[in-house]
Amino acid sequence: MKLKDCDNDMQKMIIQGGNKLSGTITINGAKNSAVALLPAAILSGGKTVITNVPDITDVEVLSEIIKQLNGTITKEKNRVIIDSSQIMNNPISKDLSSKLRASYYFMGALLAKFNYVEIYYPGGCNFGARQIDYHLKGFEALGAKVNMEQEKFIITAKELKGAQIKLPFPSVGATINLMLAATKAHGKTVIYNAAKEPEIKNVADFLNKMGANITGAGSDTIEILGVTELHEAIIEVIPDRIEAGTYIIAGALMGKNLTIKNVNIKHLKAFLNTLEQMEIPFSVGKNEITISEAKEIKPIDIETKVYPGFPTDLAQPICVLLLKAQGISHVKENIYHKRLGHVKYLNKMGANIIIDDFTEKIIGPVELHGTEVEASDLRAGATLFLAALISKEKTIISNVEYILRGYEKIVRKLSSVGANIRIETIK
Ligand code: EPU
């Protein structure tokens, strides 16, 4: 696999806004599940199959890491087959681990497999300090020693032993990482105040299919009874609720009967409730949503919360809808206080968003104008391509590699429903 999109930061997304969007967009597997399922696969002593894997650059990077660990990985469309029978505890290059956040899942997985892991600090979208202290304290509770040498963590354990761990905050990453580490620990581990995001249950289901003994995933208390061996298994990645939410917003902005398919409605409850509060009409099918441009939008106040609350990952994209609302809205970002990189560029496009602490005051309605903007992180990039879809002029977005980390075939998907969008490589 070539790391084409990550290696090339000279790509620009060019969108000529104003086109109506009609037809169907099919949602892929969830990025935040896939990026944990791939590292989880190395715990198996044999082959595992992961289906509905999104074709995004984060998955490419994780695949490269698995190859560095002597795993064999083959890909047939969205199906990934991983042979972990020859996995070795090889060093993971700094270049790869610093490309994404989810490289930290190799901490839990390698620690469980070898009682030893050496790994560089993870990368990922940049919106303030993203600590991993809960992960490290959890490993220590399981009996590991954590040392930091320059930018590298060295985590060792004579033997991992089950423990009672109470997370200070229901962190998605820490919950998954501790589940991975505890899978083969001696005895019972209980994670209290665990994150409840659907991606966590997807990972627990995979581990259980491999032979792990995990109960309670999806609730705030997860119990893991350590097992000695993990075997072959097959798992399907759940639909990406954030990709779905992003395209549903596109439909509310420019849709003419735009259908978003392969959606788990239950996972989108808080988001869809918010659209209802904004009086945006849409219709719900079994696994799909159909939505058209909303002519009148009611302003509202939103606060991000852990699942099942309104997701932080959709707090930036929904701002574009609030810019069309008839009055003042507020968005309070509780999970990542500095996740506000989209504001500067929306304001450059004609918005009037005022930041007070970690709350955005959004004054609508405004007309947006295309210009040159920069994606500062994945969801800021999504916010900008949504804004570009409703701007009369052309918008040129740089740092496209952020967007390609989370949105599979974005150009193909949006063009197929009528958008005028392309990515150009600037030499
Ligand atoms: N936190 C700590 N210490 C820790 C772990 C977390 O202080 O050891 C804090 C974080 O700084 C943050 C909060 O706890 O303020 C929540 O962080 P969490 O650990 O839940 O986030 P994450 O695991 O790093 C995942 C997703 C993010 C998503 C968040 C919240 C992956 C790879 N990333 O991050 O996804 O925003 O959960 O749902 O699963 C995205 O898709 O755009 C994205 C950034």
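Read-outs: derived from the displayed coordinates by stated rules, not from any lab. Remember, it's a predicted structure, so these values are computed and weren't measured experimentally. Note that we place each Cβ from the backbone using ideal geometry, even for glycine, and neighbour counts take in every protein chain shown.
Tell me the trypsin sites (Lys or Arg not before Pro) within the range 53-106 that lie in a loop according to DSSP and have at most 15 other beta-carbon atoms within 10 Å.
LYS77
Would you mind ranking THR425, THR312, THR371 so that the residue whose beta carbon has the fewest other beta carbons within 10 Å leads the list?
Starting with the residue having the fewest Cβ neighbours, the order is THR425, THR371, THR312.
Using each residue's phi in the range 259-267, evaluate 6.51 cos²θ - 1.76 cosθ + 1.60 at θ = phi - 60° and report the 3J(HN,Hα) Karplus result to the nearest Hz, with x for Gly and Pro.
9, 10, 9, 6, 10, 9, 4, 4, 5
How would the range 116-203 be classified by its alpha-carbon gyration tensor: rounded, prolate or oblate, with rounded meaning a/c under 1.5 and the a/b versus b/c comparison settling the rest?
Verdict is oblate for the range 116-203.
Give me VAL343, VAL331, VAL320 ranked fewest to most by other Cβ atoms within 10 Å of their Cβ, as a rough exposure proxy.
So the residues, fewest neighbours to most, are VAL343, VAL331, VAL320.
Taking each full run of DSSP H in the chain as one helix, which ones are at least 18 Å long along their axis (Cα atoms) and have mean Kyte-Doolittle hydropathy of at least -1.0?
Membrane-span-like by this rule: 241-254.
Which of the three applies to the range 312-396, rounded, prolate or oblate, going by the alpha-carbon gyration tensor with a ≥ b ≥ c and a/c under 1.5 meaning rounded?
Oblate is the answer for the range 312-396, as a/c is 1.5 or above yet b/c matches or exceeds a/b.
From the Cα gyration tensor of the range 229-357, with a ≥ b ≥ c the square roots of its eigenvalues, which class applies: rounded if a/c is under 1.5, or else prolate if a/b is larger than b/c, or else oblate?
oblate
Output the pairs from LYS99/LYS361; LYS31/LYS413; LYS256/LYS392 with a Cα-Cα distance over 23 Å in this structure; if there are none, say none.
LYS99/LYS361
What whole-number volume per residue, in cubic angstrom, does the convex hull of the C-alpha atoms of the chain give?
125 Å³
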